[in-house]
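The values are calculated or read from the model by the stated rules, or taken from the named source; none is laboratory data. Computed from a predicted model, the values in this text were never measured in an experiment. All Cβ positions, even for glycine, are placed from backbone atoms using ideal geometry, and neighbour counts span all protein chains on display. These area figures cover heavy atoms from the full protein model, side chains too; ligands, DNA and RNA do not enter into them. Shrake-Rupley method; radii C 1.70, N 1.55, O 1.52, S 1.80 Å.
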Amino acid sequence: MKTKQFPFYALLLLININMFAQQKKPIYLDNNQPIEARVKDALSKMTLEEKVKMCTAQSKFSSHGVPRLGIPEIWMSDGPHGVRMEILWDSWGHANWTNDSCTAFPALTCLAASWNPEMSMLYGNAIGEEARYRRKEVLLGPGVNIYRTPMNGRNFEYLGEDPYLASKMVVPYIQGVQQNGVAACVKHYALNNQEKWRGHINVELSDRALYEIYLPAFKAAVVEGKVWSIMGSYNKIRGEFACHNNLTLNKILKGEWKFDGCVITDWGGAHDTKESALKGLDIEMGTWTNGFTSNKAFAYDDYFLANPYLKMLKSGELPISNVDDKASRILRLIFRTAMNQNRPYGSLATVEHHNVGRTVGEEGIVLLQNTTKLLPIDANKYKSIAVIGENAVRKLTEGGGSSELKVKKEVSPLQGLKEKFGAEKIKFSLGYASGAVSYDQVLKSKLNADSLRKAAVKIASESDIVIFVGGLNKNTQQDSEGDDRRAYALPFGQNELIAELQKVNKNIVLVMLSGNAYEMPWIKQATSLVQAWYIGSEAGHAIANVLAGDVNPSGKLPFTFPVKLTDNGAHSFGAIAYPGDSVNEVYKDDILVGYRWHDTKKIAPQFPFGYGLSYTTFTYGKATADKKSMTADGKITVSIPVKNSGVVKGKEVVQLYVNDQKSSELRPEKELKAFQKIELNAGEEKIVSFTIDKTALQFYSDVKKEWTAEAGKFTLLIGASSRDIKGKVEFELQ
Ligand code: BGC
């Protein structure tokens, strides 16, 4: 038998395959290698010019990659409650794509009002999926600046006035986004608590206020949430711009918190090459060439961290290690996102995402008043329903500044109410009109205010029940970026209108859409009041579901509603404390922000922090603790039975506050240190327990410059709001 010859060409092929297999992929391209090894490898292959290039923008919303090595650019998008429409390469115009319509999720005040970290996870994941589908590496959000004054035009983008609540809510949001291979970019770090003069105002404050109030949510984002990027704010902090600030970026963020991600400027937030190089900045994004001051087309090479930076590195004025650190951080960001081959593909404006938006909205809506039990509305009882107010029909996903959205769908409150209660029963009247959206000025309405009011009062007098939908909107000087509100009162004559409606109809449900508190001169006559924030795509459905009782409201206020503006701490020390003298601003309210101020100074709020009603009632039993004293390294557990004493299922947010009975330094009357949202069927009872350790008892001592818990007596207060304390236990810290 003839043996078969192994063909020569087959042998060659085998040799080739073998050689190919032995030709190793560079480490940085190998998705299975540890990220740090990939960073080191890529960095070793890069020229100085390539490293520098990565540190600046190449367009309005992207920064450079390394094309020679196949390392892609980074694409970013606003944030924080939807993925913004595409913007032109080198100007702020909309690019008018036809495939970039997103889901508008509820604004972050609404998310905070849910007091439910599970909502944050759902939200973060859904918006992360949208960002991924839209091929974004970085989502410019969430925002965690503390709500210091109701005047701040951007409060709607943040998580309220309490550092503990904001910290608990921000972490799952970040994890949800980042599990999609998209970096969250927590903003605006730090002390950007107002829009007025945001580009230059210098904030002065105590270390104590910094560490206790303004930093914890950022710290939680970095240390617990492991966020991959952070955005520096526009303002100055103790004399240095926040985008290149030795204290907040080098010492605290990269030093104390060991942040290994990228510091990105707010757009145009860099002001100097050497400062940017040495004081913590990694990527310079921008509006114009020179911070805010001069404009030039395609100016990217002139950015502070572009050619001027390269020049300083080449001349030896700056060490190469400086750019190596920045490039390493940027590479790390790219390997975590664009070059992560395992990331999912994402999806955009799906039914699932709209459901997430509606669910978060329903959990965040706060029932503030329901004295005559008008709510939930039983539509069978009424033949005619008047819906009054511009916010019933206004597109509230537009405007507001950089968080503007182009949406696939936006259900207005009017539409939601018609679907729920029957269009034939509903008559709509505008009642007031705010005018067009304009970034620079509030345009006067062309509609005659008098005739609008009269028409509304007429239909109110002829209807069985009135649903008024008002509040603020996304016009400038309201809930909008770039400037602050001018007045605490509701705009466009709404107070007068509400007062007139109250005269002609006793059955009025007030539904307010806003991201801020406002004055309520009509509150004594208001039997039903609902705070419904900005809910986005599913606003109308969420509102209608709550008004009809298909969803039992369970939101609680994430910030205080003062009776008048001067009741707020930031407004109690003259202009230097807010808005500043145009150069400096001193946070004289110090640690007494929000309810900390109202409680310590004994100023009754209109509605307190943590407040919100339900269609059912909850009865609290006796609070007990597992011990009477606690060692410094020990723990204490406090428990309280909570019963649904009404007839419908509902959710309650049980809140734990700590009071330090005696201290060597000022302490607020009480501070939130834990909370739990529980669901109870009618008649059901659950025991809610909280375990805390000394971190819940300590303060940042301005004297010792460290966190301290002083021995002595503490009271743990458990309540349904910061001012509705249901049970107390005392214990001693040894
Ligand atoms: C805003 C940021 C935003 C950026 C990009 C800035 O004006 O302050 O929050 O992410 O623009 O749009």
**Asked** Can you find a residue in the range 340-352 that is in contact with a Cys (Cβ under 9 Å, 6 or more places away or on another chain) and either open to solvent by less than 20 Å² (accessible area, probe 1.4 Å) or more than 16 Å from the ligand (Cβ to nearest atom) (or both)?
**Response** yes
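Let's see how each residue does on (1) assigned by TED's automatic domain parsing to the domain that holds residue 369; (2) of a type in the set (Lys, Arg):
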residue: 540; (1), (2): yes, no
residue: 578; (1), (2): no, no
residue: 591; (1), (2): no, no
residue: 601; (1), (2): no, yes
residue: 607; (1), (2): no, no
**Prompt:** Which of the residues that make up the range 679-702 are of a type in the set (A, V, I, L, M) and touching a Gly at 6+ places or on another chain (Cβ under 8 Å)?
**Reply:** 680, 682
**Prompt:** Which one of these is assigned to a loop (DSSP other than H, G, I, E, B), modelled with pLDDT of 95 or more and either in the same structural domain as residue 62 (by TED's automatic domain parsing) or closer than 15 Å to residue 187 by Cα (or both): 255, 286, 280?
**Reply:** 280
**Message:** Pull out all pairs, ordered by first then second residue, where Cβ-Cβ is under 8 Å, the residues are six or more apart or on different chains, the first lies in the range 641-652 and is of a type in the set (Gly, Ala, Ser), and the second is outside any loop (DSSP other than H, G, I, E, B) and open to solvent by 60 Å² or more (accessible area, probe 1.4 Å).
**Reply:** 645/619; 650/679
**Prompt:** Has the range 657-667 got any residue that is within 28 Å of the chain's Cα centre (by Cα) and aliphatic (A, V, I, L, M)?
**Reply:** yes
**Asked** Could you list, in sequence order, the residues of the range 89-116 that are within 13 Å of the ligand (Cβ to nearest atom), open to solvent by 20 Å² or more (accessible area, probe 1.4 Å) and hydrophobic (A, V, I, L, M, F, W, C)?
**Response** 92
**Asked** So which residues in the range 379-403 are over 14 Å from residue 417 (Cβ atoms) and not polar (S, T, N, Q)?
**Response** 381, 383, 390, 394, 395, 396, 398, 399, 400, 401
**Item:** Members of the range 455-494 found to be open to solvent by 20 Å² or more (accessible area, probe 1.4 Å) and among the hydroxyl-bearing types (Ser, Thr, Tyr), listed by number
**Value:** 461
**Request:** Determine, yes or no, whether residue 532 is of a type in the set (Gly, Ala, Ser), in contact (Cβ under 8 Å) with a residue 60 or more places away in the chain, buried (at least 19 other Cβ atoms within 10 Å of the Cβ) and not assigned by TED's automatic domain parsing to the domain that holds residue 410.
**Result:** no
**Item:** Conditions (1) of a type outside the set (Ser, Thr, Tyr); (2) crowded, with 24+ Cβ neighbours inside 10 Å; (3) farther than 18 Å from residue 536 by Cβ; number of the one not met by residue 381
**Value:** (2)
**Item:** Residue tally, condition among the β-branched types (Val, Ile, Thr) and in a strand (DSSP E or B), over the range 469-494
**Value:** 1
**Single condition residue 413 does not satisfy, out of (1) in the same structural domain as residue 39 (by TED's automatic domain parsing); (2) surrounded by 17 or more Cβ atoms within 10 Å (Cβ to Cβ)** = (1)
**Asked** Got a sec? Which of 86, 130 is at pLDDT 95 or above, touching a His at 6+ places or on another chain (Cβ under 8 Å) and crowded, with 24+ Cβ neighbours inside 10 Å?
**Response** 130
**Message:** Against the conditions (1) crowded, with 24+ Cβ neighbours inside 10 Å; (2) under 18 Å from residue 202 (Cα atoms); (3) within 14 Å of the ligand (Cβ to nearest atom), where does residue 237 fall short? Just the number, please.
**Reply:** (3)
**Request:** Could you please let me know if residue 363 is surrounded by 22 or more Cβ atoms within 10 Å (Cβ to Cβ), assigned to a helix (DSSP H, G or I) and at pLDDT 95 or above?
**Result:** yes
**Complete:** Screening 391, 322 for residues that are within 30 Å of residue 605 (Cβ to Cβ) and part of a helix (DSSP H, G or I) leaves only 391
**Prompt:** In the set 452, 497, which member is modelled with pLDDT of 95 or more, surrounded by 20 or more Cβ atoms within 10 Å (Cβ to Cβ) and not in a loop (DSSP other than H, G, I, E, B)?
**Reply:** 497
**Item:** Some residue of the range 300-322 being among the β-branched types (Val, Ile, Thr), open to solvent by 50 Å² or more (accessible area, probe 1.4 Å) and within 16 Å of the ligand (Cβ to nearest atom)
**Value:** no
**Asked** Can you pull out the strands (runs of 3 or more DSSP E) entirely within the range 648-734 that have at least 3 residues that are open to solvent by 30 Å² or more (accessible area, probe 1.4 Å)?
**Response** 671-680, 685-693, 724-733
**the range 507-529: number of residues that are touching a residue at least 40 places away in the same chain (Cβ under 8 Å), not in a strand (DSSP E or B) and not hydrophobic (A, V, I, L, M, F, W, C)** = 7
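A quick yes/no check of all residues on (1) at pLDDT 95 or above; (2) open to solvent by 40 Å² or more (accessible area, probe 1.4 Å); (3) within 16 Å of the ligand (Cβ to nearest atom):
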{"site": "9", "(1), (2), (3)": "no, yes, no"}
{"site": "27", "(1), (2), (3)": "yes, yes, no"}
{"site": "35", "(1), (2), (3)": "yes, yes, no"}
{"site": "39", "(1), (2), (3)": "yes, no, no"}
{"site": "61", "(1), (2), (3)": "yes, no, yes"}
{"site": "65", "(1), (2), (3)": "yes, no, no"}
{"site": "70", "(1), (2), (3)": "yes, yes, no"}
**Request:** Please enumerate the residues belonging to the range 569-612 that are hydrophobic (A, V, I, L, M, F, W, C), open to solvent by 20 Å² or more (accessible area, probe 1.4 Å) and farther than 19 Å from residue 488 by Cβ.
**Result:** 576, 583, 586
